[in-house]
1. Counting only pairs 8 or more places apart or on different chains, how many lysine pairs in region 29-122 have C-alpha atoms closer than 20 Å?
2. Would you order R76, R101 from fewest to most other beta-carbon atoms within 10 Å of each residue's own beta-carbon?
3. What is the order of F91, F71, fewest Cβ neighbours within 10 Å to most?
4. Please find the FRET efficiency linking S122 to S40, where r is the Cβ-Cβ separation and R0 is fixed at 30 Å, and quote it to the nearest 0.05.
5. Rg over Rh of region 29-122, using C-alpha atoms and the Kirkwood radius, what does it come to?
6. Going by C-beta contacts inside 10 Å, put W120, W87 in order with the fewest on the left.
Amino acid sequence: MFGFGSSSSSSSSSSSSSSSANEKIEKPAPTREQRQQCWSARDTYFACLDKNKIYLAGDEVPKGKEGGAGFCAGERGEYERACGQSWIDYFNKRRTLELRRQATINAAEKSGNQQAADAWRSVSGTSQGGK
């Protein structure tokens with residue numbers, strides 16, 4: 001479509017991959033119930049990570065064992081089944097940012113810098129600051 005590849009076989013394969021990409025785009029938005037299932041699965045998965053002191057989502061899978069073995073495998077499977085990939089990416093990044101924010105607050109308090117701790121506490125991590 002964009003001139004990548006000049007052979008007829010690559011154009012036919014690009015048109016079939018293009019149609020599958022269009023099918024993904026045309027998928028309807030999740031219903032309220034599906035969103036609630038996703039949020040519930042996320043909360044359960046993150047609670048399991050917290051319980052096992054795993055900070056980055058995905059670190060619970062041992063290196064070289066991508067088959068789902070490791071801590072929280074059932075919770076992770078449900079999370080991945082219930083949520084779209086873009087939502088998973090977003091939730092995982094938000095979790096990491098929130099854990100870093102809390103660690104910064106804890107470090108500021110430990111060093112006696114209450115002003116910095118209070119400043120970080122006022123940062124909620126949402127986009128409300130831009131209003």
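1. Here the count comes out as 4.
2. Neighbour counts put them in this order, fewest first: R101, R76.
3. F71, F91
4. After rounding, the FRET efficiency stands at 0.55.
5. Radius of gyration relative to Kirkwood radius: 1.08.
6. The fewest-first ordering by Cβ neighbours comes to W87, W120.
Here, each number is a calculation from the coordinates, and none is a lab measurement. Remember, it's a predicted structure, so these values are computed and weren't measured experimentally. Cβ atoms come from the backbone with ideal geometry, glycine included; neighbour counts cover every protein chain shown.
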